[in-house]
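What follows draws every value from the coordinates through simple rules; no lab data is involved. Bear in mind the structure is a predicted one, so any value in this text is a computation, not a measurement. Cβ sites come from the backbone with ideal geometry, for glycine too, and all protein chains shown count toward neighbours.
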Amino acid sequence: MRPLSAPLALRQARQHLLEFGHCPSGLVDERLARSWQRSVDEGLRPTGRLGAPDNLEQHALWLLRGRHQELLAHSRPVMEYLFEQVRDSQSVVVLAGPCGTLVDTCGDPYFLGKAERVALTSGASWHEKQRGTNAIGTALAEMAPVEVQGAEHFLERNGFLTCSAAPILSGTGQLLGILDISSEHSRGNPHTLGLVSTAAQMIENRLLTSGGQRHMRLHLHAHPEGIGTVAEGILLLSGDGWVVGGNRAALALLRLSVAQLGSVPLEQVLDMRLEELLSRHHRRPDAPQALRRHDGAALFGLLVPDRRTVRPPAATPPAAAAPHDALARLDTGDARWRTAAAKARRVLDKPIPLLIQGESGVGKEWFARAAHDSGPRQDGPFVAINCAAMPEPLIESELFGYRPGAFTGGRREGRPGLLREAHGGTLFLDEIGDMPLALQTRLLRVLQERQVVPLGGGQPIAVDFALVCASNRALREDADQGRFRADLYYRINGLTVELPPLRERTDFEELSARLLAQIEPARPLRLAPALLAALAAHRWPGNLRQCASVLRTACAMLDAAEDTLEWHHLPDDFQAELQKASRRPPPAQTGRPPQNLEELSRSAVRQALENCRGNISQAARMLGISRQTLYRKMAQDKTGPY
Ligand SMILES: Nc1ncnc2c1ncn2[C@@H]1O[C@H](COP(=O)(O)OP(=O)(O)OP(=O)(O)O)[C@@H](O)[C@H]1O
């Protein structure tokens, strides 16, 4: 936190704060004063003991890391690079999620041990509410790079640290995480804050240019040589020429604010329309173009169009041979699922809306996304809206957008709305059955007329998107009983596909193997046959979502040397659920011949599995029964030796 607070001023300010409850002005940096004030207002005491350790449990941390997977993947190489720069200074490089909880650390093992004693370890929260003034929590509160040195930390126990942290923002200004370097106070270096800020920028740029980003990009700099460096501006443009995102450098170069993103067409910031930019790009794709800002300032820009924009209009249609598309990659062999995918494939290049029905957690959203990635609009945006999760007053403005000043509390510049953001791609309306009736009427009009009128009026704007809806309710019944507009039901139901619940799928073995590979891509894992059988026979009320979550927890329980998931790796409550579901008879005793038909059958199953080394399909063939029947039999005998 600059300017550096003199020790005496610091002591005086802190004493005053603790005695009178507020920080005197002029003694310390304003950000520090604000942060100390917040810490006091939270009821924290500088010398007080922290409450019980509040680190996330392993499962919750696992889930959190899963949610921030993309950020983690792009941050890790940068963190390792950063650590190389500070290797000799007893430091740890830390990544926190947007709530201040640490999700990754990289550092000097000796200092890591020391840092762990003050909870600089994955799963711990460094939000100011928990730990008072500290670089991570304060950068989060101030949304700006921050350095906190020694005694500037609110809690005295953290006074041996000097920490520098910078926020990592998305292309639309959302906080994605905080990058931090923490060192022993005595080893602090005046350049660390600059280093962390640059590294945070590198991560932001990686995220903007990674494969997940579907917009056109305009890379900008005041000099052509600056394009491609960490200092370049990156602007995201929608297919119809609106500025929809950008890094901080781009916003600064073009004098735009985050609030303007999504509501400014390109020609309002540069002296050129998108069409001209594109045609120049086609002539010289790799050469930066000379541009002018509206005030006349010179800039250079290199356009990176999405494939959709550069593809010639009459592109050759995808081969009709055996599908190798995104839907095929999700296919693990269940016949009903495969039929649903095959049907969906037939309408992907036609203006026929797809309605996906199925219980909660069967994978409707994944199916929808894969359908989008398998169709001709795969390079356009996939905009998913959960109609049940969005507060009713927000749905309308979020969907349809609004004009500047359309309502109090809206953004001054207005907003294009999600329907327009889906232009050129796919609009996925999840839980459409929960959309309020009044909005159903407006949506129906958009679907009929293929144009949107933003709130507050103005010219209708043409939109073109593929429509995919999903619901776990019987929509037909809702329509019959007036809970859902019948005309909207017929409009969205061009083709209905029903995804089977997990308990009715016949591909549990392959599906669970796929889930394990997704959870631990670098580590070949398997389920012990008895456990596999029990899981395959389970009813799975939460379907694939529940199964993925159980396996994720079980994987977290594995030791590094283990590669097989067993009963004891399962969460306790789920073990109890399984036990209850399958009240199994006592296992057959070994060493004596089978005494009755049931024991005979059990012993045949064990023998077949042993002979086939646990391969379910082979064993089922050998026994002449279906795999489902074999799973059921195995589940009844899950303590068996296989
Ligand atoms: N084909 C698949 N392969 C592997 N995992 C999958 C697949 N489909 C879904 N999943 C897993 O199941 C979870 C739930 O999927 P998804 O969100 O698509 O379900 P849903 O049916 O849309 O749920 P809801 O009705 O509650 O919105 C995913 O997060 C993922 O872990």
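Which value, in debye to the nearest 20, describes the size of the charge dipole of region 326-498 about its Cα centre when Lys and Arg Cβ atoms bear +1, Asp and Glu Cβ atoms bear -1, and nothing else is charged?
Magnitude of the dipole: close to 380 debye.
If you take every DSSP beta bridge fully contained in the chain, what fraction is antiparallel? Give it as a percent rounded to 5.
Counting DSSP beta bridges with both partners in the chain, the antiparallel share is about 70 percent.
Quick check for me: using +1 on Lys/Arg Cβ and -1 on Asp/Glu Cβ, what's the dipole size of region 98-137 about its Cα centre, in debye to the nearest 20?
On the way: 4 positive and 4 negative charges, 33 e Å.
Computed charge dipole of region 98-137: roughly 160 debye.
Near the amide H of Val244, under 5 Å away, which other amide H atoms are found, from residues 5 or more places off or on another chain, if H is placed in the peptide plane?
Under 5 Å from the amide H of Val244: Leu236, Leu237, Ser238, Gly262.
Where does each of 157-167, 347-357 land if you order them by average Cβ count within 10 Å, highest first?
The densest-packed peptide leads the list: 157-167, 347-357.
Among Gly301, Leu565, Ser75, pick out the residue whose Cα is farthest towards the positive end of the charge dipole of the chain, where Lys and Arg carry +1 and Asp and Glu carry -1 on C-beta, about the Cα centre.
In the chain, that residue is Leu565.
Considering only Ala115, Phe160, Val196, whose Cα is most displaced toward the positive end of the charge dipole of region 58-209, charges sitting on Cβ of Lys, Arg (+1) and Asp, Glu (-1)?
Ala115
Show which lysines lie in cross-link reach of Lys633 when reach means a straight Cα distance below 20 angstrom and same-chain residues fewer than eight apart are skipped.
Lys580
Charges only on Cβ, +1 for Lys and Arg, -1 for Asp and Glu: so what's the dipole of the chain about the Cα centre, in debye to the nearest 20?
Rounded to the nearest 20 debye, it is 1160 debye.
What are the ³J(HN,Hα) couplings of region 245-258, residue after residue, when phi is run through the Karplus curve with 6.51, -1.76, 1.60 and θ = phi - 60°? Round to Hz, x for glycine and proline.
My calculation for region 245-258 gives x, x, 7, 5, 5, 5, 5, 5, 4, 9, 6, 10, 9, 4 Hz in order.
Tell me, what is the percent relative contact order of the chain, built from C-alpha pairs under 8 Å that lie six or more residues apart? Each step should come with its number before you reach the end.
Numbers: 1103 pairs, mean separation 53.1, N = 642.
Relative CO of the chain lands at 8 percent.
At 222 nm, what value in deg cm²/dmol follows for the chain if DSSP H runs of at least 4 each add -39500 (n - 2.57) and the sum is divided by all its residues, to the nearest 500? Before the final figure, lay out each step's value.
Values: 26 runs with 259 residues, N = 642.
Mean residue ellipticity, 222 nm, calculated: -12000 deg cm²/dmol.
So, by mean Cβ neighbours within 10 angstrom, what's the order for 74-85, 519-530 with the highest one leading?
Highest to lowest by the protection proxy: 74-85, 519-530.
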